[in-house]
Ligand code: LCS
């Protein structure tokens, strides 16, 4: 890892996690094997006791997975990371490692639907209580803290409301009470935001999104700051079993090489799409970290280097207008997920945030007319033209109904 220490971030994207392999390949070989032969009974026993270095079984450790884990730890500025089968597997690994019955979690109201559901419906069965607050509003986290709060859990920018939480302030509040700050960095990626710089304790990603970037892998990662936390999480992950496999690790590692340039293009395109939407007569409001109208625009400037590729907007015509747009786009794919090279459009209330229930959605500001865009790396003219022809259909429908 150390040979890349002095490289710039975009160079690290290309070189991180790469070591010397037999026959000299420039990319890590895919060690598509479930298990590894021991040299002897003694060596096998020594590996199990932790007295020898090496590989035993792919659920525990695999060289292809390890290469990708090293790369992401390096890009995030963390100590080590743990590759998981999905973003949700990463979140489960964190909660199960760090929480026990009687503990309390403070979580953003705007988070990926199943994260909220996991806390509300599953962790609660094991005696873990959660409070959901607007973590982007000053004072709200502090008010929700309890003596038994063990985790403050934040997405910034959050899915789907694109709310921005002040990471430095949140980490101070969490630490004052002896709690850990866990941040889902999926929407930004380490190319734009490195939460450890602001005192965050654990970083996670759905690597399904920008890290892999090509919409062909489901995977997650947990990045930690020290060896103690790493060993704790590794033990849990090993028992839970939600590990990433070698082929998906290879694909994510390949995706990382272009992370920096992909993010640059996502940001350039999204800025222009957001400005276009903000000036469109059919659009009520737009949430994008690159717009001055974003309520936490200034906080964003301090903690991310560019505004990312995710936009949410509300149409004046509400759900019906949203339906027209989603059924009319041609280039933008009507699909959930995000962070791939292709532009995706979706409706949080009926799709990604359905599981939260109507009340939690209302509480988080997720209206029936909210539309979420993951802006891809196509030519931005084509993206805007596609949205334009879809928005025109709203007024055509209104006229036909009048
Ligand atoms: N964290 C965030 C911020 C997410 O957006 C997602 C998935 C996850 C965690 C979970 O990751 P997964 O297990 O799917 O790899 N978000 C999705 C979305 O907005 N549409 O489809 C999936």
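Can you report the number of residues in region 302-332 which are under 19 Å from residue 187 (Cβ atoms), surrounded by fewer than 19 Cβ atoms within 10 Å (Cβ to Cβ) and within 15 Å of the ligand (Cβ to nearest atom)?
0
Which condition does residue 19 not pass, out of (1) in the same structural domain as residue 203 (by TED's automatic domain parsing); (2) modelled with pLDDT of 95 or more; (3) not in a helix (DSSP H, G or I), if it passes all the others?
Of the numbered conditions (1) in the same structural domain as residue 203 (by TED's automatic domain parsing); (2) modelled with pLDDT of 95 or more; (3) not in a helix (DSSP H, G or I), the odd one out for residue 19 is (2).
Look through 397, 391, 373 and report the one residue that is crowded, with 18+ Cβ neighbours inside 10 Å and farther than 26 Å from residue 210 by Cβ.
Every option except 391 fails the conditions.
Give me the pairs, please: first residue somewhere in region 117-129 and free of Cβ contacts under 8 Å to residues at least 12 places away in the same chain, second residue anywhere and crowded, with 16+ Cβ neighbours inside 10 Å, beta-carbon distance under 8 Å, and either six or more positions apart or on two chains.
Hits for this filter: 124/130.
Can residue 254 be described as over 12 Å from residue 68 (Cα atoms) and more than 16 Å from the chain's Cα centre (by Cα)?
When the stated conditions are applied, residue 254 does not pass them.
What number of residues within region 108-131 satisfy the criterion of being more than 10 Å from the ligand (Cβ to nearest atom), within 15 Å of the chain's Cα centre (by Cα) and surrounded by fewer than 23 Cβ atoms within 10 Å (Cβ to Cβ)?
Summing the residues that are more than 10 Å from the ligand (Cβ to nearest atom), within 15 Å of the chain's Cα centre (by Cα) and surrounded by fewer than 23 Cβ atoms within 10 Å (Cβ to Cβ) in region 108-131 gives 0.
Which is at pLDDT 95 or above and under 26 Å from residue 250 (Cα atoms), of 108, 81?
81
Give me a count of the residues in region 326-365 that are under 19 Å from the mean Cα position of the chain (by Cα) and part of a loop (DSSP other than H, G, I, E, B).
Summing the residues that are under 19 Å from the mean Cα position of the chain (by Cα) and part of a loop (DSSP other than H, G, I, E, B) in region 326-365 gives 15.
Would you check if residue 134 is surrounded by fewer than 21 Cβ atoms within 10 Å (Cβ to Cβ), touching a helix residue (DSSP H, G or I) at 6+ places or on another chain (Cβ under 9 Å), within 18 Å of residue 185 (Cα to Cα) and at pLDDT 95 or above?
So residue 134 passes the test.
Scan region 266-277 for residues that are over 18 Å from the mean Cα position of the chain (by Cα) and in contact (Cβ under 8 Å) with a residue 24 or more places away in the chain and jot them down.
Passing the criteria: 268, 269, 271, 272, 273, 274, 276, 277.
Is it the case that some residue within region 68-82 is touching a strand residue (DSSP E or B) at 6+ places or on another chain (Cβ under 8 Å), away from the ligand (no atom under 16 Å from the Cβ) and either in a loop (DSSP other than H, G, I, E, B) or over 18 Å from residue 207 (Cβ atoms) (or both)?
Taking every residue of region 68-82 in turn, at least one turns out to be touching a strand residue (DSSP E or B) at 6+ places or on another chain (Cβ under 8 Å), away from the ligand (no atom under 16 Å from the Cβ) and either in a loop (DSSP other than H, G, I, E, B) or over 18 Å from residue 207 (Cβ atoms) (or both).
The values are calculated or read from the model by the stated rules, or taken from the named source; none is laboratory data. Bear in mind that the values here come from a model prediction, so they are computed numbers and not experimental data. So basically every Cβ, Gly included, is an ideal-geometry build from the backbone, and we count neighbours across all protein chains shown.
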